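The values are calculated or read from the model by the stated rules, or taken from the named source; none is laboratory data. These numbers were taken from a predicted model, which means no experiment stands behind them. Here Cβ is always computed from backbone atoms with ideal geometry, including for glycine, and neighbour counts include all displayed protein chains.
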Amino acid sequence: MFSYILTGMRVLWKHARSIWIARVLSAMLAALMAPLSLYLLQLAVDEIIRDQGRSAWLWILLICIILCQMVSVFSGTLAGYWNGCLKRRLERNWGRELLEGFGKIHYAAYEDAHVQDILSKMRKTPWRGLASLGDTVIQIGTVVVMLIGDMLLFAQVSWVLSVLLAVFMLCAGFFQMRSMKVMNDMFANRTADEREMEYYEELLSEKQSVLELKVFSALDYIRTLWHKSNERVLQSRVHTTFSALKYNIYSSVVIVIWILLLLWGLADRAGAGTITLGEFTALVGSIGTLLGALERASYLCSVIARRSLLMRYYEEFQALPRSEEEPDDRLDAVGDDGMMVEFQHVSFHYPGSEKEILKDCSFRIRKGEKVALVGENGAGKSTIVKLLCGLYAPVCGEVLLAGKRADSYTPEERRQILSVVFQDFGRYQMQLRENVAIGNLSQLQNDAAIRRVLTAVDPDFESWKLDQNLGKLERDGVDLSGGEWQKVAIARALVSNSQIILLDEPTASLDPMAESEMYHTFVTVLQQQSCLMISHRLASARMTDRIMLIQDGRIAEEGTHDQLLARQGAYAAMWEAQSQWYQEEVHGDENIIMG
Amino acid sequence: MVMKTSLWGNLKKVYAMVLSTSPGAGTISLIYHWIEGMFPAFITWSTIQLIDEVEKMMTGVSHHLWFWCACMLGGYIVKELGVNLYSLFVNASVYEKVMNVARLRLYEKSARLPYITFEDSQMMDKRQRARECVDREKISQIFVNTSQFLINIISILSMIGILASYNILFLPISLASVVPYLIVRLVRGKEFDQIRKKQVSREWNKEYMWKTLSEKETQRELRVYHAQSYMQGKWQKIMEEVQEEIQTYQRRETWQLLGCDGLNLLGYGISMGMAVWLILQGEISAGTFSACAMAFLNVQNQVKNFLTDLGSLPGDIYVVSDYFDYLALPEETDGMYESSKLGEICLEKVCFSYPQAEKRALDDISFQIRRGEKIAIVGENGSGKTTLAKLLLKLYTPQTGVITVNGRDLETWNRESYYRNFSVVQQQFVPYQLSVRENVGISDVPHMDENPRIQACLAQCELEGPLFCELDQRLGKRLDGQELSYGQWQKIAIARGIFKNSEWILLDEPTSALDPMTEAEILYQFLDIVQDKTAIIVTHRIGLCTRMDRILVMQNGRIIQDGNHQTLMEQEGAYRTMFLKQGEWYRK
């Protein structure tokens, strides 16, 4: 835990130095004011007793007390302001560092579940968490300073009392902290029962599940399950609350004993005449503020562990592998120039997994050729896309684009050769123009080019304003349907004017009618480019020059539609399964179909 | 004014709920607050007595020093005792128990509301806020916070009382030093709200950009398109704009607060000055002087806290009002008519629109379904197929027109009785994170323990293998069970549908991409199931329609064609176009 706190301090030092220093200094100064005020009060009281207050000294002391109060109060108000500034400065500087980090992390990390966890913590505006951690550290520091100040105050009367103060405060503080920690842990951790309970609540309040449960008359069943979990959760929480109470009681006992000893010690000395009235006053007066500070400090100590967790995630984030900027220019593998895409004996498994997705996979795509890649779910189709995009490197074999290794291109060069429509393409809550031009930012202001690709995909886009905001983020934003988003994504790939287009399940979010229209669109729009279309809707395969079927990590069948049907292999079986629904009438009513 | 009445009304409801759920704890906490409120005044008073005794001792003799020490100690003991008891009761009862009950009522309510509420965005917002209210334990918080008021008020008044008992002038001065806070709070409050509203949408924008840039899909696309720096630049720009605004506002606010602090210091200074003057006149003792010095600060802090809490109270009560309003929403009504057989369902001129929608989802629908028929409802996305299905399932009520079943208005039917005759396989089926048995058997809970029947259904849906033999095995990774593939979840949903041995069944085809083999299997299973039942299948695969008795073609909320495959192909209408178009790529 301490190392995480140190990391946090380091980040604060690096990104928001001046504000952090101001905060620390003013907080420490303000912390000194409390014991100082008591000391001044002590002097004032002694002055009153001694001199009946004739001298101006009393008034000076009064002014000093007011000044102390001023420092304390102003510092408090400024602390609020500086906290805000700190958050903003962190957002600006640290946020930028993190963003760059997101961009540089090796893509493989994004697909790892553990990394997803780290990223989700970093995603939640981490500067707020860090500012809060910093604040906690400062406040604990002020309590320590105050305690030391009070100890000095006590020491002028008797060092025994001073040491007693420290010992008892630490003891009571320890118990209070334990108690709060127990409660905090209870709030932070979700037991299995609590997760179950949440799940049942979801079932009872989500549209789809309520429909089923209503029709099946099963709402009561779920309710009963909820009640059972609830009982268990409630019991365990009440139990935890009681065990926290135990520590509270210990702490109270320690505090009461301390007050007893203190008052006894003070009364004793008062009786013996070894203590001035002022000292007596100051020490008695300190009890209230000390107890308050103690409670505050215990609370802070109980949460600091949780708040510093953020830094652990940050450390792990920093440790993630980054991709190198420079393209690898070792001797390029020799590839045929006429081939746009070549896979040469590629084998691949995802990092951290033993399962080989691709095993000695080889194929080529010529310039201008349109090829369909079909296969079952999980056969490796999307993996091939990722390898072509340079997101991963093959474990064995070579992936070549236009004769050169795919990962030897700079990102800009590769963009000019290859564009992709991913299955889960981005639906950016920005302008229509931006959504399309992401594919080729140099065209961002080229209205004609953007409109051209949009209308090529769907003539209805003619009437759309390019500056129209999409999505519900802006007030005037328009939400597009699944099909419309799909068309925008295709326009995005087209605007880049690349030589190769990859389409990964481009009709997944379209209903069969719209899907059919989309295939017509592809035929007209993809004239000169090479195209690799991945789909398991075999209708898509009809409009391509060649079809490849991937099975067990390699290209099992290859050829034109008719050739593959003749082979009566896996492709033919898939084709039968999909087309049988439309064949029925061919035999019965041929003349109608032909009409 | 409207706000004020709802403020009181909701406050009363909160107290009613807490006191009815845990009367003992509620009462104890109120009593405790009274005691705790008096505590600072007690300490002030006993400090004065103690210091005065010491003074006397220094100038003469005193026998009462130990007594006053014991008094002060006693005070602290009572306080610590009180704090512990209070925290026990408050945490265990007021928080845990009350919030538990609040949560229960919320979820029970959700299931009793009319199904159409899910489509009403205002209602859904209200529900979301009610849920937040429960998650953030607002009800208990308000109870505790308003009780804190009591503490604050009592302690402020008692402190001022003690001070004033030594010199009446202390009274106006203490009060005057806190008025500036009130003023600033009122003025600042309004301005703050306005700025906040403007900023909220910009903040969303900024947070959206930040979140998107850290997501896997975005990163993938941006790297391929080399568009990272563009997006980062966008974030930067919005961030700087938003920060600029907030900075300006905060700076101004801080100056105002500092000014306020200055005024308070002035008040403090005057009070202290007065105390010094009084002590120089010999009118008060040293003990009183010291106690006053500490008391002034205390009072100022208390008033500051009091005003802060008062300021946030209306906001919190507003949140709670969502909760109580939600609980007061009208629930769905049910009819009384029961019957064990559905003979036919008739729709006559039925019209329906979704809440807050301009267009009608269903327009002038009329048709009949007789027992034993197998009907397909086809149409493009948005044609009204699913809406029609929901009306048939008595989930929505038509705005005009009537649905009669066995000749009686569906509204008069008893829901449970109607559902006994119906089963459903939804488009967006539910993957229950429960056991295999529950996943299949939940459609007919009383018979959920009949193992052979469950296994038969699983077998019919081709769900075999060791995973499905262990019926009490939990499925789904959310609660640490075994995860299934999408196709397997789909099949289990079908098994669930057939487990309930109902005569009528409604099947809604999955639109998500399944590979051709699995898709064909599922479609065959559908056809298999409907053999000896009355079936309504909602689909967009026209190819499936060739196996149905009757087809209803929908477009824009209307039924435009009705007949079997032969007849519809002969009519030169939408059906024929759709069939040819869908099948065009699949013909030889």
Worksheet item: Has the stretch A:447-456 got at least one residue that is buried (at least 17 other Cβ atoms within 10 Å of the Cβ), within 11 Å of chain B (Cβ to nearest Cβ), farther than 19 Å from A:P506 by Cβ and in contact (Cβ under 8 Å) with a residue 40 or more places away in the chain?
Response: no
Item to complete: Can you tell me which residue among A:L78, A:L86 is in a helix (DSSP H, G or I), more than 9 Å from chain B (Cβ to nearest Cβ) and buried (at least 18 other Cβ atoms within 10 Å of the Cβ)?
Response: A:L86
Worksheet item: In the stretch A:331-416, which strands (runs of 3 or more DSSP E) lie fully inside it and hold 2 or more residues that are closer than 22 Å to A:H561 by Cα?
Response: A:339-348, A:358-366, A:370-374
Response to the item:
Residues in the stretch B:547-588 that are surrounded by 16 or more Cβ atoms within 10 Å (Cβ to Cβ), within 14 Å of chain A (Cβ to nearest Cβ) and over 46 Å from the mean Cα position of the chain (by Cα) total 8
Discussion item. Please verify whether B:F499 is under 20 Å from B:Q427 (Cβ atoms), touching a strand residue (DSSP E or B) at 6+ places or on another chain (Cβ under 7 Å), surrounded by 15 or more Cβ atoms within 10 Å (Cβ to Cβ) and among the hydrophobic types (A, V, I, L, M, F, W, C), treating the condition exactly as stated.
Written reply: no
Response to the item:
Of the residues in the stretch B:213-228, those that are over 21 Å from A:A491 (Cα atoms) and not aliphatic (A, V, I, L, M) come to B:S214, B:E215, B:K216
Worksheet item: Looking at this structure, is A:L119 buried (at least 19 other Cβ atoms within 10 Å of the Cβ), under 25 Å from B:K237 (Cβ atoms) and facing chain B (nearest Cβ under 10 Å)?
Response: yes
Response to the item:
Inside the stretch B:387-403, the number of residues satisfying the requirement of being surrounded by fewer than 19 Cβ atoms within 10 Å (Cβ to Cβ) and of a type in the set (V, I, T) is 3
Item to complete: Could you list, in sequence order, all residues of the stretch A:25-60 that are at the interface with chain B (Cβ under 9 Å from one of its Cβ atoms), of a type outside the set (F, W, Y) and without any contact (Cβ under 8 Å) to a residue 60 or more places away in the chain?
Response: A:S37, A:I48, A:Q52, A:G53, A:R54, A:L58
Response to the item:
Over the stretch A:197-211, the set of residues within 24 Å of B:D120 (Cβ to Cβ) and in contact with a Leu (Cβ under 9 Å, 6 or more places away or on another chain) is A:Y200, A:E201, A:L203, A:L204, A:S205, A:S209, A:V210, A:L211
Fill in: Residues that are facing chain B (nearest Cβ under 7 Å) and hydrophobic (A, V, I, L, M, F, W, C), drawn from the stretch A:420-445
A:V420, A:F422, A:F425, A:I438, A:L441
Worksheet item: Only one residue in B:Y208, B:Y230, B:Y268 is at pLDDT below 85 and at the interface with chain A (Cβ under 7 Å from one of its Cβ atoms). Which one?
Response: B:Y268
Worksheet item: Quick one: in the stretch A:200-209, which of the residues that are part of a helix (DSSP H, G or I) and closer than 15 Å to B:L106 by Cα is nearest to the chain's Cα centre (by Cα)?
Response: A:E202
Practice prompt. Can you give me the number of residues within the stretch B:433-472 that are within 13 Å of chain A (Cβ to nearest Cβ) and of a type outside the set (A, V, I, L, M, F, W, C)?
Written response: 11
Practice prompt. Can you work out which of the residues in the stretch A:210-235 that are part of a loop (DSSP other than H, G, I, E, B) and of a type in the set (A, V, I, L, M, F, W, C) is farthest from the chain's Cα centre (by Cα)?
Written response: A:F216
Worksheet item: Is it the case that some residue within the stretch A:127-150 is aromatic (F, W, Y), buried (at least 20 other Cβ atoms within 10 Å of the Cβ) and either closer than 16 Å to A:V11 by Cβ or at the interface with chain B (Cβ under 9 Å from one of its Cβ atoms) (or both)?
Response: yes
Discussion item. Quick check on the stretch A:556-579: of everything there that is out of contact with any helix residue (DSSP H, G or I) (no Cβ under 7 Å at 6 or more places or on another chain) and free of Cβ contacts under 8 Å to residues at least 12 places away in the same chain, which residue is surrounded by the most Cβ atoms within 10 Å (Cβ to Cβ)?
Written reply: A:E576
Worksheet item: Out of the stretch B:387-406, which residues are assigned to a loop (DSSP other than H, G, I, E, B), touching a residue at least 40 places away in the same chain (Cβ under 8 Å) and either more than 28 Å from the chain's Cα centre (by Cα) or within 13 Å of another protein chain (Cβ to nearest Cβ) (or both)?
Response: B:L393, B:L395, B:Y396, B:P398, B:Q399, B:N406
Worksheet item: Which numbered condition trips up A:D504, out of (1) crowded, with 19+ Cβ neighbours inside 10 Å; (2) more than 33 Å from the chain's Cα centre (by Cα); (3) of a type in the set (D, E)?
Response: (2)
Discussion item. Taking the conditions exactly as written (surrounded by fewer than 19 Cβ atoms within 10 Å (Cβ to Cβ) and assigned to a helix (DSSP H, G or I)), does B:F42 satisfy them or not?
Written reply: no
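Table: residues versus (1) within 21 Å of B:R220 (Cβ to Cβ); (2) crowded, with 20+ Cβ neighbours inside 10 Å; (3) of a type in the set (S, T, N, Q); (4) free of Cβ contacts under 8 Å to residues at least 24 places away in the same chain.
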site	(1), (2), (3), (4)
A:P351	yes, no, no, no
A:D360	no, no, no, no
A:R366	no, no, no, no
A:G378	yes, no, no, yes
A:I384	yes, yes, no, no
A:L387	yes, yes, no, no
A:G390	yes, yes, no, no
A:C396	no, no, no, no
A:A402	no, yes, no, no
Fill in: Criterion (more than 10 Å from chain B (Cβ to nearest Cβ) and touching a helix residue (DSSP H, G or I) at 6+ places or on another chain (Cβ under 8 Å)) met by exactly one of A:M197, A:M169, A:M183
A:M169
Discussion item. With buried (at least 16 other Cβ atoms within 10 Å of the Cβ) and in contact with a Ser or Thr (Cβ under 6 Å, 6 or more places away or on another chain) as the only criterion, which of A:E196, A:E212, A:E201 stands out?
Written reply: A:E196
Practice prompt. Output yes when any residue across the stretch B:375-386 is in a helix (DSSP H, G or I), buried (at least 19 other Cβ atoms within 10 Å of the Cβ) and not β-branched (V, I, T), and no when none is.
Written response: yes
Practice prompt. Out of the residues in the stretch A:247-265 that are without any contact (Cβ under 8 Å) to a residue 60 or more places away in the chain and more than 7 Å from chain B (Cβ to nearest Cβ), state the one that is surrounded by the fewest Cβ atoms within 10 Å (Cβ to Cβ).
Written response: A:W264
Worksheet item: How about the stretch B:21-65: which of its residues are modelled with pLDDT under 85, hydrophobic (A, V, I, L, M, F, W, C) and touching a helix residue (DSSP H, G or I) at 6+ places or on another chain (Cβ under 8 Å)?
Response: B:A25, B:I28, B:L30, B:W34, B:I35, B:M57, B:M58, B:L65
